[in-house]
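Below is one structure; the comments refer to it alone.
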Amino acid sequence: MTKKVFFKPFVTASIILASCALLFSSCRKNKDDVNLPDAAIVTFVHASPKAPRLDIGLDDNRLGLNNFTYTSYWNNQRAYTGNRTLKVFRYGESSAFYTKDVTFDVDKHYSVFLADSGSKMEAVVLQNQSRSPTNDSTRVKFANMCPDVPAMDFYIKGEATPVATNVAYKSAADFISVKAGYDIIFEVRASGTSTVLAPSLPVRFAGGNIYTIYASGFKGLATAEGRVTVSSIRHTQPVYWY
């Protein structure tokens, strides 16, 4: 099951409030509130199978994540807009081992995937754009974060026609509508092949929600650890989709 991450238990209420105000403005309930800065919505995803437990910073503000391990994600947080420096830390260390300049626009939604191995880590920034789903359906996109699978097809298990084709590494297919209320298992294959690289766990889609299904890991590993896996993200509130 895909894991979410939480703040360290020893973080005080004052630090949490400061983080809300200064780092992600996540205490703001909607974009019409006054006296709060403009923000983007950002989801951070640990998609690096050979990397350890991590922490993240934007500029000089560190998130202080406790359980940010492989396939976990920190969902839909408001971030200051403009040019930012993303920093990735090994858990408990004070110096970032990876940095990347990123740009966030006002009221746009992004997923930031930390992909590839720890020594070759790359932050892949994808903007999410979708119309709102109806109450009995969902909107779903499919992303390929497998370095040794240049293009990938996504299938619903048992169906012959893929739901997304030729999804290049470090990219995602357009959103599609999927009926809500069913347990769906997704499978991934290298594009144009019949071999299933990995299935997902059953995903039960809740109506009116937006999801990302993504594959990470390596096809060519000799051991099971770090091989291709298929995970899901449910993008919960607060979120603006344009």
Matching residues in segment 60-74 (under 14 Å from Phe89 (Cβ atoms), small (Gly, Ala, Ser) and modelled with pLDDT of 90 or more) number 0
Just the residues that are under 18 Å from the mean Cα position of the chain (by Cα) and closer than 12 Å to Val140 by Cβ, please, taken from segment 171-205. Ala172, Ala173, Asp174, Phe175, Ile176, Phe186, Ser200, Val203, Phe205
Which of (1) in the same structural domain as Phe218 (by TED's automatic domain parsing); (2) assigned to a loop (DSSP other than H, G, I, E, B) does Val140 not meet, given it meets every other one? (2)
Taking Lys100, is it surrounded by 16 or more Cβ atoms within 10 Å (Cβ to Cβ), within 18 Å of Ser119 (Cα to Cα) and modelled with pLDDT of 95 or more? yes
Across segment 131-152, what is the total count of residues that are of a type outside the set (Ser, Thr, Tyr) and under 26 Å from Thr236 (Cα atoms)? 12
Limited to segment 206-227, what total is found for residues that are under 18 Å from the mean Cα position of the chain (by Cα) and on the phi > 0 side of the Ramachandran plot? 2
For segment 108-162, what are the residues that are among the charged types (D, E, K, R), in contact (Cβ under 8 Å) with a residue 40 or more places away in the chain and out of contact with any strand residue (DSSP E or B) (no Cβ under 6 Å at 6 or more places or on another chain)? Arg131, Asp136
Could you tell me whether Val167 is at pLDDT 95 or above and among the β-branched types (Val, Ile, Thr)? yes
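The values are calculated or read from the model by the stated rules, or taken from the named source; none is laboratory data. Keep in mind that what you see is a predicted model, and the values were worked out from it rather than measured. We place every Cβ from the backbone using ideal geometry, glycine too, and count neighbours over all the protein chains shown.
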